[in-house]
1. Ignoring ligands, DNA and RNA, what percent of the accessible area of the chain is carbon or sulfur (1.4 Å)?
2. Quote the relative contact order of the chain in percent (integer), defining contacts as alpha-carbon pairs under 8 Å separated by 6+ residues.
3. If the chain between residue 35 and residue 62 were fully stretched, how many nm would it gain, using 0.36 nm times the residue separation less the Cα-Cα distance?
4. Assign unit charges at the C-beta atoms only (+1 for Lys and Arg, -1 for Asp and Glu), then state the dipole size of the chain relative to its Cα centre in Debye, rounded to the nearest 20.
5. Which angle between 0 and 90 degrees, to the nearest 10, do you get for helix 34-66 versus the longest principal axis of the chain when only C-alpha atoms count?
6. Expressed as an acute angle from 0 to 90° and rounded to the nearest 10, what is the orientation of the C-alpha long axis of helix 19-29 relative to the principal long axis of the chain?
7. Can you list the cysteines of the chain that have no other Cys Cβ under 4.7 Å away?
8. Which distance in nm do the two modelled labels at residue 52 and residue 84 give, with both placed 7 Å along the Cα-to-Cβ direction?
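The values are calculated or read from the model by the stated rules, or taken from the named source; none is laboratory data. Nothing here was measured: the structure is a model prediction, and the numbers come from that model. Every residue, glycine as well, gets a Cβ built from its backbone with ideal geometry; the counts of neighbours run over all protein chains shown. Remember, those area values only see protein heavy atoms, side chains included, never the ligands or the DNA or RNA. Shrake-Rupley method; radii C 1.70, N 1.55, O 1.52, S 1.80 Å.
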Amino acid sequence: MTAALLTTVWWGLTALVSENFGGDCLFYFGEAGPRAERCYVVNDRAEAWLPRLVSAAWTSAVLVLCLPRRLSEGRRVAAGVTVACLVVAVVLGGHALAVSGP
């Protein structure tokens, strides 16, 4: 549950700090140019994938709670998926934040 919560919080922080996924790109780099294009591509990727990762993390977290104890292997896999979603979200969001700044 903690990993799913952290994934959700990271999504919000990334959107907030990057000026809603790309507002900083226009401010710092303008509308055109290789650096601006890269910034827009990375921010669009983060904007598209972070909500999906949050959904997958919460679905896996609920599965961990709902699966019976005798299916311990399935519970471990679901917990692993939740943590993997957090890791991928941090990488995507961190990359979006890194390219959005000057």
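1. For the chain, the apolar C and S fraction of the accessible surface comes to 68 percent.
2. After rounding, I find 43 percent.
3. Working: separation 27, 0.36 × 27 = 9.72 nm, distance 4.03 nm.
Contour length minus the Cα-Cα distance gives 5.7 nm.
4. Rounded to the nearest 20 debye, it is 660 debye.
5. Between the helix axis and the principal axis of the chain, the angle is about 10 degrees.
6. 30
7. 66, 85
8. 1.4
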